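Asker: This structure is in C-alpha cells; I'll ask about it shortly.
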Amino acid sequence: MRKKLLITLLLPLSAFAATAQVSFGKPEKINDGWKFTLSDAQTAPSSTEGWYPVNLPHDWSVKAPLSPTLASCTGYLPGGVGWYHKTILIPEARRGEKVYLYFEGVYNRSEVFVNGHSLGARPNGYVSFMYDATPYVEFGRENAIAVRVDHSRSADSRWYTGSGVYRDVWLVYANPVHIAQWGVYAVPTVATAKRGELSVEVALENGLQEAAALTVLNELVDPAGKSVAKSSSKIALAAAQKDGKISATLAVKNPQLWSLEAPRLYTLKTTVLLGGKVIDEAATTTGFRALQLDPNRGLALNDRWIKVKGVCLHHDAGVLGAAVPREVWRQRLLTLKEVGCNAIRTSHNPQTPALYDLCDELGLLVLDESADEWEFPKRKWLQGWNVGTPGFDGSFDFFEEWGARDLADMVRRDRNHPSIFAWSIVNEVDYPNDPYSHPVLDGKNAGGFTQPIFGGYKPDAPNAERLGAIAKRMVATVKEHDRSRPVTAGLAGVAMSNQTDFPGALDIAGYNYTESRYAEDHKAYPQRVIFGSENSHGFDAWQAVTDNEHIFGQFLWTGIDYLGESRAWPSRGFYSGLLDLGGFIKPRGYFRQSLWSDKPMAYLGAYPAPRSANRPPSIDAMPVWNFEEGQLIRVVCYTNAAKAQLLLNGKPVGSPKDYDTKTGVIAWDVPFEAGTLEVIGMGNAGEEASRYAIRTSGRPYAIKVVAADTAISRSRGLAQVTLQVVDEQGIPVLISDDEITCRIAGQRLTLMGMEASNNADMGSYTDNMQRAFLGRLLVYLQATGEPGTAEVEFTAPWLKKATVKIVVND
C-alpha cells in the first residue's frame, strides 16, 4: 500500500507576514509601549501607577532570579500572575470597520479586556487566538487593552514554558465583510515537474445585516514575480453569514518544486471585491511539493526517497527565555542545517509563526505537534529530573473543553506551510503506568513479553484502551481542516499501545526510543508506516534507520539545549542538544554532522584516556589540547571520510586509520605533547577530503569578537555578537571562565542578554556581566529605534578589551 500526498502550502513573505498570519484585514503590530506588573488581581485595573514599561514579546520568568526552592521541571524559575496594559487610539475614521486583537501566544490561562470588558479567556499557552473587540471600542478615543496572565501553577510543564505575552500582538482593522481568520487554504491536486494544480479555498464572513454579492480573485505569482495563473469566483453571502466559501483551481505548467535543497516559493494573492471595490486582500506564498509514504520504503519528497534527519526543539533560547526574536531562530536553524539536519519536530506544542516561516524559506521539514497531555497529567519533577516526589499540574484540566479546538486552531493556522509534512496530535500519553495501564504489562506471552514490565498491570489506573477513542476523535479534528498530510503521535509505550486502537488511528506511527521494535512491528503490522519520533544520539539508533529501508527517519532528543527538565540544582536545563543554549555546535553536533552531512568534514576532540582501552569513544569530546606532558590522551575524530591520518606537531601518529563502522568514531590513545594536533580525512585512495586542527593554548590574554551583526534595522533589529577569549597568539582558550562586562555607548542599543551556555551557572542573567564558558560568550543587542552608529565595549580584568560598532539603519 502506498499513500501519496501532494502538497502546495502557504508561506508569508516578509512584506506580508502580518496579512498571511490572520489571512485578512490590515494588521498592525502593537508590541511597543506596554506596562506590566505582577499582581493576582482578578479584574482589569483602573490605574497602572507603579507598573513598569515593557515591549512585547515579554517573558517575565526568565528575568527572575533562579532559586533551588523552585521547580526543577521549569528550570528553577518562577511563574506567578501578571497584568499587561496598553492604551491605543482607534481613529474616528475607522468607525464602521471591525477591530480585532490577535495574539500569537500567551503563557498561559490568559484573559483579554478592552475598556474593562472581557473579550474572552484562553487557557492554552501555545496556540494563537483572536478576539473581536469592536463592540467595546470607542472610536476617536484612547482605548485600554489589558491582559491577565495566570501562570500561578508554575510547575505545570515538564520543561520551561516562560510566562507572559511572549509572542507578537496585532491590532487588525477589517471591512465587516472579509476573509475569515486563517481562511485561505491551498492544496495541490497535481505537483510534478511538468504540471501543478492548486486547489484553493477561501472562507468568508459577512458582518453586515444585509446580503453581500462578492467577487473573489486568486492570482498565483512565480518566484520571479510573473503571474502564472488566475481565477475569479462569485459568491452571495446572506446577512450575517459566517460560513461562506469559494473554491478555485489554479493550473501551472512546469512548476518549480519546493525541496530541501531548493525551497522555491510562489506568491498567492487573494482579493475580495464588493460592488467592484476591493474590501479585503491577503498575500501568502506557496511552494509545490509532493510527499509519498510507503510502509516498505518510507518517505519520498518529490519522488525522491529520503531519510529524515530530524531534531526535536523546545521553544526557548537560554537567557532570552520564551521571547525569541526571528533573527535568533534563523541563526539556529541555519546552524542545524550545517550539521546535516533536514527536519524539525515542534516538541511538544505549536511554536512561533516565525519558526515555520523560516523552515519554509530555508528548506526544513516540520512535524507540527500539538500537545504533551490529554485527559490526565504527567509527572512534573520538582527536585531534579526523575527524582523525588513529582507534581501533577498541567494542561489536562482544560483538555475536554479546549483540546479539539486547540488542535483545530493549530492546523488552521499552520496548514499553509510547505515545510510541514505531518501533524502530531500528542506526545507520550501512552507511557506505561503514567497513568494508563493495560493487562499486557503483566507479560504472560502477550505482546511478546513473558514477564511483567513497567511494574506490571495496575487495574486501578486508567485503561489504555481509552487512548484509541481519543486518538480517533483528534485525528478526525485534523482531517476536518487538512487532509493533505498524515497524522501521527509520539508513542512511548508501543508494546502497550499495540494492544489498543491508538496506533491504528494514525496514518503514520511515531516510535519514541523503541528502535528494537522496528523490524518486529514491521512484520506484525506490514501496512504501518513507522519512523523514530524521538531518539537518542547513539550511533546504533541511527543505524536502525539506515539499516531498515522502511524506517524513514528519526528525531533526536534534542536539537538544542533548553531550559527546564533540569537535574538537581545547579542545573538550568536539559543539555543533550546538538547545539548548546547559545546555539553553538557541541561535539556531539559534529559527530552528528559526520553521520548526516554530505559535505566532507572532520573534527578532533580529546580527553584523558579511560582505564579500559575497550571503552567506546565519546561523542562529547571537547576540542581541547591542554593536558599534562606525557599524559595518555584519547583523541577522537568524527568524520565522514573513509579513513583519517592523525598528525602531532606535523608528524604522523601511526598509519591512517579506517572509519569504525561499529562506533562511527576513529580513535587514538596518544601521549600528550604541547603544540598542534591535526587530522586529515581521506578518501579510499588516500586523497585528502577534509582537515581539522586544535592547538595548545596559553593563558587568557584578550577578548576577541569572532562574529557580529554590524548593521541592523532601527525597528527592533537584533545584533548577535560572539566573543572568544584568546591567548597572545590568538588561540582560543577553552578553559577560560573570565567575567566579561558589556557597556553600550549611547541609547541606540539595549542589552537583551548574555549567554555563555553554562548549564551549571545559576547566577544572575539580568545584568551586564557574565562569565565566559569554554572561553566563549554570546551577546544579544537590540535596536531601540534611534538610528546611527553604536559602539559596544567588552572588558574583563587583566584581558585586552574588544569593541564593535553596530550601525542602526533607518
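Asker: How long are the three semi-axes of the equivalent ellipsoid of region 681-810, in whole Å, if each is the root of 5 times an eigenvalue of the C-alpha gyration tensor, listed from largest down?
Answerer: 30, 20, 14
Asker: With +1 on each Lys and Arg Cβ and -1 on each Asp and Glu Cβ, how big is the dipole of region 279-429 about its Cα centre, in debye rounded to the nearest 20?
Answerer: Charge dipole of region 279-429: 740 debye, to the nearest 20.
Asker: First check a/c for region 158-208, with a ≥ b ≥ c the square roots of the eigenvalues of its C-alpha gyration tensor; if it is under 1.5, answer rounded, and if not, answer prolate when a/b is larger than b/c or oblate otherwise.
Answerer: Note, shape of region 158-208 comes out oblate.
Asker: What number, in percent, do you get for the relative contact order of region 558-650 if the mean sequence gap of Cα pairs under 8 Å and at least 6 apart is divided by its residue count?
Answerer: Value for region 558-650: 24 percent.
Asker: Taking only Cα atoms, what is the 0 to 90° angle, nearest 10, from helix 326-338's long axis to the longest principal axis of the chain?
Answerer: For 326-338 against the chain, the angle is about 50 degrees.
Asker: Given a 1.4 angstrom probe, what's the average accessible area per residue across the chain, in square angstrom?
Answerer: Per-residue value: 39 Å².
Asker: Tell me the mean residue ellipticity at 222 nm calculated for the chain from its helices only (DSSP H runs of n ≥ 4, each -39500 (n - 2.57), averaged over every residue, nearest 500).
Answerer: When only DSSP H runs of four or more count, the value is -3500 deg cm²/dmol.
Asker: Show the residues, 5+ positions off or on another chain, whose built amide H is closer than 5 Å to the amide H of Gly75.
Answerer: Gly564, Glu565, Ser566
Asker: With a cap of 14 neighbouring Cβ atoms within 10 Å, and only residues DSSP puts in a loop, list the chymotrypsin sites (Phe, Trp or Tyr not before Pro) found in region 308-413.
Answerer: Answer by residue number: Phe392.
Asker: Right, something else. Over all pairs of distinct alpha carbons, what does the Kirkwood formula give as the hydrodynamic radius of the chain, in Å?
Answerer: By the Kirkwood definition, the hydrodynamic radius is 28.4 Å.
Asker: As I understand it, the value is the acute angle between the Cα axis of helix 399-414 and the longest principal axis of the Cα atoms of the chain; what does it come to in degrees, rounded to 10?
Answerer: 80
Asker: Looking only at Cα atoms, what is the convex hull volume of region 33-85 per residue, in Å³?
Answerer: Measuring per residue, one finds 96 Å³ for the Cα hull of region 33-85.
Asker: Would you calculate the convex hull of the Cα atoms in region 284-335 and tell me its volume per residue in Å³?
Answerer: Residue-normalised Cα hull volume stands at 140 Å³.
Asker: Taking amide H positions as placed in the peptide plane 1.01 Å from N, state which residues far from Arg195 in sequence (5 or more) or on other chains have amide H under 5 Å from it.
Answerer: Asn254
Asker: So for the chain, taking the charge dipole from beta-carbon charges (+1 Lys/Arg, -1 Asp/Glu), which of His550, Gly96, Phe398 sits furthest toward the positive end?
Answerer: It is His550, whose Cα lies furthest towards the positive end.
Asker: What ratio of Cα Rg to 2.2 N^0.38 Å holds for region 621-664?
Answerer: Against the compact-globule rule of thumb, the ratio is 1.28.
Asker: So, one more: Tell me, how many Å apart are the Cα centres for region 607-621 and for region 157-190?
Answerer: When both Cα centres are located, 50 Å separates them.
Asker: By how many degrees, between 0 and 90 and to the nearest 10, does the Cα long axis of helix 466-481 differ from the longest principal axis of the chain?
Answerer: 60
Asker: Let me ask you something else. Can you give the accessible area of Thr477 in Å² (nearest 10), computed on protein heavy atoms with a 1.4 Å probe?
Answerer: 20
Asker: Now a separate question. Report the far tail of the P(r) of region 389-505, meaning the percent of Cα-Cα pairs longer than 18 Å.
Answerer: In whole percent, the long-distance tail amounts to 56.
Asker: Please report how far the C-alpha centroid of region 237-313 lies from that of region 754-800, rounded to the nearest whole angstrom.
Answerer: For region 237-313 versus region 754-800, the Cα centre distance is 42 Å.
Asker: What value does region 56-209 have for Rg/Rh, both radii from Cα atoms and Rh as Kirkwood defines it?
Answerer: Here the Rg-to-Rh quotient is 1.11.
Asker: Let me ask you something else. Just want the answer: with Cβ charges of +1 for Lys and Arg and -1 for Asp and Glu, which residue in His315, Thr346, Ala282 is farthest toward the dipole's positive end in region 257-363?
Answerer: Result: Thr346, furthest along the dipole toward the positive end.
Asker: Taking θ as phi - 60°, what are the ³J(HN,Hα) couplings along region 185-202 by the Karplus curve (6.51, -1.76, 1.60), each to the nearest whole Hz, with x for Gly and Pro?
Answerer: Working through the residues one at a time gives 9, 10, 8, x, 9, 9, 8, 10, 5, 9, 8, x, 10, 10, 8, 10, 10, 10 Hz.
Asker: In whole Å, what three semi-axes, largest first, describe the equivalent ellipsoid of region 572-682 built from its Cα gyration tensor (square root of 5 times each eigenvalue)?
Answerer: Semi-axes from the Cα gyration tensor: 22, 18, 13 Å.
Asker: Lys and Arg at +1, Asp and Glu at -1: add these up for the other residues within a Cβ distance under 14 Å of His85 and post the number.
Answerer: Neighbour charge sum, excluding His85 itself: -1.
Asker: Could I ask something else about it? Express in % the proportion of alpha carbon pairs of region 342-394 at distances exceeding 17 Å.
Answerer: In whole percent, the share of Cα-Cα pairs in region 342-394 beyond 17 Å is 53.
Asker: With charges set only on the Cβ (+1 for Lys and Arg, -1 for Asp and Glu), what does the dipole of the chain come to about its Cα centre, in debye to the nearest 20?
Answerer: Computed charge dipole of the chain: roughly 1420 debye.
Asker: Moving to a separate point now. I'd like to know which of Asn512, Ser152, Thr37 lies farthest towards the positive end of the charge dipole of the chain, counting +1 on Cβ of Lys and Arg and -1 on Cβ of Asp and Glu.
Answerer: Selected residue: Asn512.
Asker: Still on this structure, please answer the following. For region 254-358, what is the charge dipole size about the Cα centre, in debye to the nearest 20, if Lys and Arg each add +1 at the Cβ and Asp and Glu each add -1 at the Cβ?
Answerer: It works out to roughly 220 debye.
Asker: Over all directions, average the projected area of the Cα convex hull of region 522-600 and note it in nm².
Answerer: If I average the Cα hull's projected area over directions, I get 7.1 nm².
Asker: While we're here: Expressed as a whole percentage, what fraction of the accessible surface of region 281-327 belongs to carbon and sulfur atoms when a 1.4 Å probe is rolled over the protein heavy atoms?
Answerer: 42
Asker: Another question, if that's okay. With an 8 Å cut-off on Cα pairs and a minimum separation of 6 or more residues, tell me the relative contact order of the chain in percent.
Answerer: Here the relative contact order equals 10 percent.
Asker: For region 20-144, restrict the atom set to alpha-carbon positions and state the Rg and Dmax in Å.
Answerer: 16.2, 54
The values are calculated or read from the model by the stated rules, or taken from the named source; none is laboratory data. Quantities reported herein were computed from a predicted structural model and do not represent experimental measurements. No Cβ is skipped: glycine too gets one built from the backbone with ideal geometry, and neighbour counts run over all protein chains shown. Quick note on the areas: whole protein, heavy atoms, side chains included, nothing else; ligands and nucleic acids left out. Shrake-Rupley method; radii C 1.70, N 1.55, O 1.52, S 1.80 Å.
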